[in-house]
Amino acid sequence: MAENRKGSVKPANGKASGTTTGTSSSYVIDVNNFGKRVKLLYSHWNEHRSDLWGNSDALAIATPPTSDDLRYLKSSALNIWLVGFEFPDTIMVFTKKQIHVLCSQKKASLLDVVKKPAKEAVGVEVVMHVKLKSQDGTGLMDSIFQAVKAQSSSSSGSNLVVGHIAREAPEGKLLETWMEKLNNAKFELTDVTNGFSDLFAVKDSLELTNVKKAAFLTSSVMRSFVVPKLEKVIDEEKKISHSSLMDETEKTIVEPARIKVKLKADNVDICYPPIFQSGGGFDLKPSASSNDENLCYDSTSVIICAVGSRYNSYCSNVARTFLIDANSTQSKAYEVLLKAQDAAISNLKSGNKLSAAYQAALSVVEKEAPELAANLTKTAGTGIGLEFRESGLNLNAKNDRIFKPGMVFNVSLGFQNLQAQTKNPKTQIFSLLLADTVIVGKESPEVLTNVSSKAVKDVAYSFNDDDDDEDERTKIKAGSKGAASTKSKATLRSDNHEMSKEELRRQHQAELARQKNEETARRLAGGDSAATNNRGAGKTIGDLIAYKNVNDLAPPRELMIQVDQKNEAILLPIYGNMVPFHVATVKSVSSHQDTTQDSNRNCYIRIIFNVPGTPFSPHDANSLKFQGSIYLKEVSFRSKDQRHISEAVQLIKTLRRQVASRESERAERATLVTQEKLQLAGAKFKPKRLPDLEIRPSFGGRARKLTGSLEAHANGLRYSTSRADQRVDVMFSNIKHAFFQPAEREMITLVHFHLHNHIMVGNKKTKDVQFYTEVMDVVQTLGGGKRSAYDPDEIEEEHRERQRKNKINMEFQNFVNRVNDMWGQPEFKALDLEFDQPLRELGFNGVPHKSSAFIVPTSSCLVELIETPFVVITLSEIEIVNLERVGLGQKNFDLTIVFKDFKRDVFRIDSIPSTSLDGIKEWLDTTDLKYYESRLNLNWRPILKTITDDPEKFIEDGGWEFLNLEVSDSDSDNSQESDQGYVPSDIQSESGSEDEDDESESLVESEDDEEEESGEDSEEEEGKTWEELEREASHADREKGNDSDSEEERARRKVKSFGKARAPDKRNLGGSLPKRPKFR
């Protein structure tokens, strides 16, 4: 293999994953997997004994010592397939009743765990033959031969057939002695290579997972490193050798974090040194290598790149050909090769012969370009898995073996040594090569390396501006656009980049608009436009019973307002009796003092009750139960005891707030979805743990700053502090999105979970829960003086901060990697979970709520995880994005997100710097999100209501195209009507940009009396008393001569408040959809 094998046992993934009792080793054998596969080995041996196993009575497999060379051996593959590790310098002999292993003491101790599963699975006994360092092993070999002969039907052993791998020559003293004694033992030897090839050909689910991860890494390296590297080298006209490209690509493979691939580097390796070829010297054999010649990117050059990587020893491969200023011969040859490979891949179906793949490719070549048939490679690829080329699985014209589901192939096809008919000797001869890793499915094949595009538009580049063809293209473009532009510097660009980025974006957006309107029409027609509408839902309160019996009412001491906190009631003196009212029936309470001269300084208390039919009153069960009853709406009392009035008002408000908080929390808990129970990790498997974390939202109270630890258990995560009542369980099945954000410019490193259903954190109901650690302390220098940049203390302090930040980031990264490994297990595959990391380079500043924040896209979401309330928006739930207040001279613009659920309020991000506009457009376009631009803000709530009320008219009027700024500008006749859906930009939109994250705020209302009183004052405005006071105030103003506040003056001030730019539209300020001509 590629790694240096200096240990006695080589793990398949490069690093062991556990401990073995009784040894100093840290390797663990999966006994369940061993039991399944040893059973499969024996059943395959028995079923195909005559045709694939050479009628063998025993199988003798000798694994050679470690080597620094890159090689693939059947014996090593058998070790990894059976027990997960490679056992060098080890001999295994399989008989019908026993498995004999000749190895060192350390390996024997490790293999002790397979004795029981071997006996249970196939009824065979595992016998260890321990070779000491001072022994040559001949005596142990003799005992193995005697045991093999004893199990033969003939005591002499003359007819005993022993299968071995004939192609693997013995290496080392032990294996040479073994081979010599085996040849002299009078056994009949037979080659069983075909048996093992057929056994390894069909992969199980665990093997296919390893192949898929390897293929993802391979194609990601090609797309994210190789292609950008080549483009940069050619664009900047640098000189770089093929071997240097090979070295850089190999480093990228073994360090996946370089290209943001979340695979453990310990599990990853290369299949072969990456291959780069250009300049006429091409070799399409898998054994080819990259030479020290410089990369050739002259006109009509061809560059071949091949990359192969392994994950847990399972191989994958991808090869691509890039064309530089290709002529017609090269372009036609590539198009034919692309069709031929697609034909070969489409024939990888269960039940077809292996030869069908090559025949399909050859038929395409003979039909499209028969002159190229002689240059076609003689095979269309090979099987791939633990070995890069699995013997017996060649995709050639003569192989009659049958495709089976679970087989994996490296479908590699090319043209060798074609003539380009050019004057440059380096480009006269060229070759083409395409290769992909493909799984044979039950119905259709699955191409694992499609991430790396091979379409003509993505591999054919043009950068020679001096060419006549380029001049001609420039003329054509100049004529069509009415202006010519010449480039002074040769630039690399793909054929589909000949237009500007903005034009390409417009074309793509036009196509997205068509698709989006069709999708919206289908959804609205199916009645799937909205979920439940939760706007304005009132709080439900249980039966309001202050006293169950009249006798429970305490006898009144005196006729005055009393507050019974125990029974949550207020007692009011009415006609000489104390009448109880439950505090939940009180809408507001207030007091004021009469300041007129004749009032004798009387105080008044005014209580307003909830009455059915009035605005903003909750529709609870009690009002529906007593619909025919007479309700008391308002009551006022006069008193000369100002102190008693103030105390009564304060007690009523406090009690009302407590009851409302309790009922609100009870209602919120009633809506929670029942979660499954957390299954704690057993004693054998210590849970993965991340200590010293804080949680958001916090538990509240005095212990809100207590830190806790996060542990990953069998089916979920548990966060707990030193207090028993502070515990939060997050089930894997309830996680919708998981994020890991290391500290870069922030003060915290965090993991964040966005959930499907709400959970309770303390007394807060939330869909977002975050665990974080502060990477550095906020310190303020009291002296106020500036410290030198060369101050040793300052330098040392910065160094410590960097070390602490890197250490915390690494601890979080290790925890995230281990949880990702758990989510990769078969039982969690359906959840499709993986930690996502925000892409800072695509981030932008904006105001999603009340304060400015840095909003960052991820692969599936748009998030802001530092400031609260958090922002987590799933991209797949977005219908369209509207960029508002976009125009010349604007320093900022707003971004409005419209969701597919039209009953959900739009989400707005305000005050985004205009410098981020192009970056946001590019990101939206690459993620296939349709966006529009408008010069003013829209009032979205009536627009969405209009769509849901009459979806047919919305589709008939062109769907979302009413937002198209270019079309709107051209309709000058209708410009006045199109303003109906707009409100001026400096007025806050009615939509309020509410977000589901706001639900994570505390269920307990604030005890700030000022907020309570301000809310009550607004409610009390509907009472008669305040109207009388307003009339008195107006009368007083007129007496003072301040009568200039006429209707005209008030109207003028109202216009001014809307802004100088534009007066409010008198016709329609709320608005509906702007009217536009119908699209025909």
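The values are calculated or read from the model by the stated rules, or taken from the named source; none is laboratory data. Since the structure is predicted, the reported quantities are computational estimates derived from the model, not experimental observations. Quick reminder, even Gly has a Cβ in these numbers, built from the backbone with ideal geometry, and neighbours come from all protein chains shown. Remember, those area values only see protein heavy atoms, side chains included, never the ligands or the DNA or RNA. Shrake-Rupley method; radii C 1.70, N 1.55, O 1.52, S 1.80 Å.
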Inset, instruction - Could I have the simple spin-label model distance between residue 818 and residue 402, label points 7 Å from Cα toward Cβ, reported in nm to one decimal? - result: 4.7
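Suppose R0 equals 22 Å. What FRET efficiency, 1/(1 + (r/R0)^6) with r the Cβ-Cβ distance, do residue 804 and residue 845 give to the nearest 0.05? Let's see the in-between values first.
Details: r = 27 Å, r/R0 = 1.23.
Computed FRET efficiency for residue 804 and residue 845 comes out at 0.20.
Ranking request for peptides 114-122, 307-315: highest mean number of other beta-carbon atoms within 10 Å first, then the rest in descending order.
Details: 114-122: 16.7, 307-315: 27.7.
Result, highest mean Cβ count within 10 Å first: 307-315, 114-122.
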Inset, instruction - State the answer as a single residue: which of 246, 224, 214 lies farthest towards the positive end of the charge dipole of the range 168-287, with beta carbon charges of +1 for Lys and Arg and -1 for Asp and Glu, about the Cα centre. - result: 224
Legend entry - By average C-beta atoms within 10 angstrom, highest first, the peptides 932-942, 267-277: 267-277, 932-942
Inset, instruction - For residue 707, tell me the accessible area in Å² from a 1.4 Å probe, rounded to the nearest 10. - result: 70
Legend entry - Dipole of the range 257-401, positive end: most advanced residue of 361, 284, 322 [Cβ charges, Cα centre]: 361
Inset, instruction - Starting from the amide H of residue 240, placed 1.01 Å from N in the peptide plane, find each other amide H under 5 Å away whose residue is 5 or more places distant or on another chain. - result: 295
Legend entry - Assigned charges on the beta-carbon of Lys, Arg, Asp, Glu; the range 847-959 dipole about Cα centre (debye): 360
Inset, instruction - Rank these residues by their accessible area, most exposed first, probe 1.4 Å: 73, 59. - result: 73, 59
Legend entry - Table column - 3J(HN,Hα) (Hz), the range 893-899, Karplus curve with 6.51, -1.76, 1.60, x for Gly and Pro: 9, 10, 10, 10, 9, 9, 8
Inset, instruction - Please turn the phi angles of the range 223-234 into ³J(HN,Hα) values with the Karplus equation 6.51 cos²θ - 1.76 cosθ + 1.60 (θ = phi - 60°), one per residue in order, whole Hz, x for glycine and proline. - result: 6, 9, 10, 5, 5, x, 5, 4, 4, 5, 4, 6
Inset, instruction - Starting with the highest mean, order 284-291, 76-83, 455-462, 554-561 by the number of other Cβ atoms within 10 Å, averaged over the residues of each peptide. - result: 76-83, 455-462, 284-291, 554-561
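Could you work out the relative contact order of the range 819-876? I mean the mean sequence separation of Cα pairs under 8 Å and 6+ apart, divided by the number of residues, in percent. Can you show the working numbers first?
On the way: 74 pairs, mean separation 12.2, N = 58.
Dividing the mean separation by the residue count of the range 819-876 yields 21 percent.
Among the listed pairs 203/349; 516/900; 332/457; 36/349, give every one whose C-alpha distance is greater than 18 Å.
On the way: 203/349 15 Å; 516/900 11 Å; 332/457 13 Å; 36/349 26 Å.
As for pairs spanning more than 18 Å Cα to Cα, those are 36/349.
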Legend entry - Unsatisfied cross-links (Cα-Cα over 26 Å) in the set 767/829; 339/404; 367/454; 736/891; 353/442; 688/767: 736/891
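Given a Förster distance of 35 Å, report the FRET efficiency between residue 927 and residue 632 from their Cβ-Cβ distance, rounded to the nearest 0.05. Mind dumping the intermediate values first?
Working: r = 58 Å, r/R0 = 1.67.
Once rounded, the FRET efficiency stands at 0.05.
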Inset, instruction - Tabulate in residue order the Karplus-calculated ³J(HN,Hα) for the range 769-776, using 6.51 cos²θ - 1.76 cosθ + 1.60 with θ = phi - 60°, rounded to whole Hz; enter x for Gly and Pro. - result: 9, 10, 10, 8, 9, 6, 8, 8
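Using +1 on the beta carbon of Lys and Arg, -1 on that of Asp and Glu, and nothing else charged, what's the dipole of the range 95-228 about the Cα centre, debye to 20?
It comes to approximately 420 debye.
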Inset, instruction - For residue 961 paired with residue 33, estimate the spin-label separation in nm (one decimal), with each label point 7 Å from Cα along the Cα-to-Cβ line. - result: 5.7
